[in-house]
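> Take a look at the following structure, please.
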Amino acid sequence: MLIDDALREKFLAAARVELVSSQQSNEHQPVDSSVLVWRLLSLRKAGKLPPSQGRPKYPPLTDRERLVAEIASRRAEDQFHRSLDRILVDDQGRAFFAAAVNEIAVEVELEHVRRAALALRKARQLKPELAARLVDWPIEQRSLRYSELVADLTAVPEQPGIYLFRDQTGYLYIGEAKDLRARLSTHVTDSDREALFHYLQEPDRSQVFVDLHVFPSDSPGATLRVRRAYESELIRSREPKFNLRP
């Protein structure tokens, strides 16, 4: 139900017919689709549905699909601060996840990536990050192409936060800054991270993105100790190739 759009729509159509016929719903009080799908999943998890008649046979997942699934899932979790199941149940969450997948790799099948994401979650490879669970202040999420950042650094706020370089190969580098614009300007001109800088100078870097976690200037995230803890947790869980492990 979280993977197959056609199956999801078939279920929702049948559920709405049943609700109308049982007078539990009417034209003026539609039931949100996410509520219906979540209720179905809850019943399945509780063992209150008949066992399925065999599982569908899917093709093996590729490493590429798993990588795209991890990045798209993390982006969605950063945006909504919800579990992957909740994100894929919700229409807005599904749309955001699909857009993230398309941004990373247009050639992959969306349903394959959803399946890969659920497989990663089941294998506990998408465990919620401690930093996100402990933060109790608002965090603004932004995503920019590296080329956009180079062209106009004013798109980056002069606020504290975390920045994440990534491309179609995975996470590249994660850092923290008291002033995101000032710090990212050094990566554009002459980064002190030599391996990252040389990588960014290669001819085709059109698919490099920078994700920003922007903290309010009056939040605990303005302190170095808190930013370092947040940064370390993201490095631990996302394993960017050009970071030294904390």
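> I need the full set of residues from the range 190-227 which are touching a Pro at 6+ places or on another chain (Cβ under 8 Å) and surrounded by fewer than 15 Cβ atoms within 10 Å (Cβ to Cβ), in order please.
217
> Also: If I filter the range 55-114 down to residues being among the small types (Gly, Ala, Ser) and surrounded by fewer than 18 Cβ atoms within 10 Å (Cβ to Cβ), which single residue comes out as farthest from residue 210 (Cα to Cα)?
Of all residues in the range 55-114, those among the small types (Gly, Ala, Ser) come to 69, 72-73, 76, 83, 93, 95, 98-100, 105.
Of the ones still in play, those that are also surrounded by fewer than 18 Cβ atoms within 10 Å (Cβ to Cβ) are 83, 95, 98-99, 105.
Values: 83: 23, 95: 21, 98: 19, 99: 16, 105: 16 Å.
That would be 83.
> Name every residue in the range 104-154 that is more than 25 Å from residue 229 (Cβ to Cβ) and of a type in the set (S, T, N, Q), in order of residue number.
Step one: of the range 104-154, the residues more than 25 Å from residue 229 (Cβ to Cβ) are 104-119, 122-123, 145-154.
147, 154 - these are the residues of the range 104-154 that are more than 25 Å from residue 229 (Cβ to Cβ) and of a type in the set (S, T, N, Q).
> Are any residues in the range 63-89 of a type outside the set (D, E, K, R) and touching a residue at least 40 places away in the same chain (Cβ under 8 Å), and if so, which ones? Let's see the steps before the verdict.
The first filter runs over the range 63-89 and keeps only residues of a type outside the set (D, E, K, R), leaving 67-69, 71-73, 76, 79-81, 83-84, 87-89.
Scanning the range 63-89 gives 67, 68, 69, 71, 72, 73, 79, 81, 83, 84, 88, 89.
> Which of the residues spanning the range 95-106 are out of contact with any Ser or Thr (no Cβ under 9 Å at 6 or more places or on another chain) and either closer than 23 Å to residue 56 by Cα or not in a loop (DSSP other than H, G, I, E, B) (or both)? Give the derivation first.
Filtering the range 95-106 down to residues out of contact with any Ser or Thr (no Cβ under 9 Å at 6 or more places or on another chain) leaves 95-96, 98-99, 101-102, 104-106.
If the condition is that a residue be out of contact with any Ser or Thr (no Cβ under 9 Å at 6 or more places or on another chain) and either closer than 23 Å to residue 56 by Cα or not in a loop (DSSP other than H, G, I, E, B) (or both), then 95, 96, 98, 99, 101, 102, 104 are the ones that fit.
> Restricted to the range 162-189, and to residues that are β-branched (Val, Ile, Thr) and under 11 Å from residue 210 (Cα atoms), which residue is surrounded by the fewest Cβ atoms within 10 Å (Cβ to Cβ)?
Within the range 162-189, the subset β-branched (Val, Ile, Thr) is 162, 169, 174, 186, 188-189.
Imposing the further condition that a residue be under 11 Å from residue 210 (Cα atoms) reduces the set to 162, 174.
Values: 162: 24, 174: 26.
Filtering first and then ranking leaves 162.
None of the figures in this text is laboratory data; all of them are computed from the coordinates on show. Here the structure is a predicted model, which means the values were calculated and not measured. We place every Cβ from the backbone using ideal geometry, glycine too, and count neighbours over all the protein chains shown.
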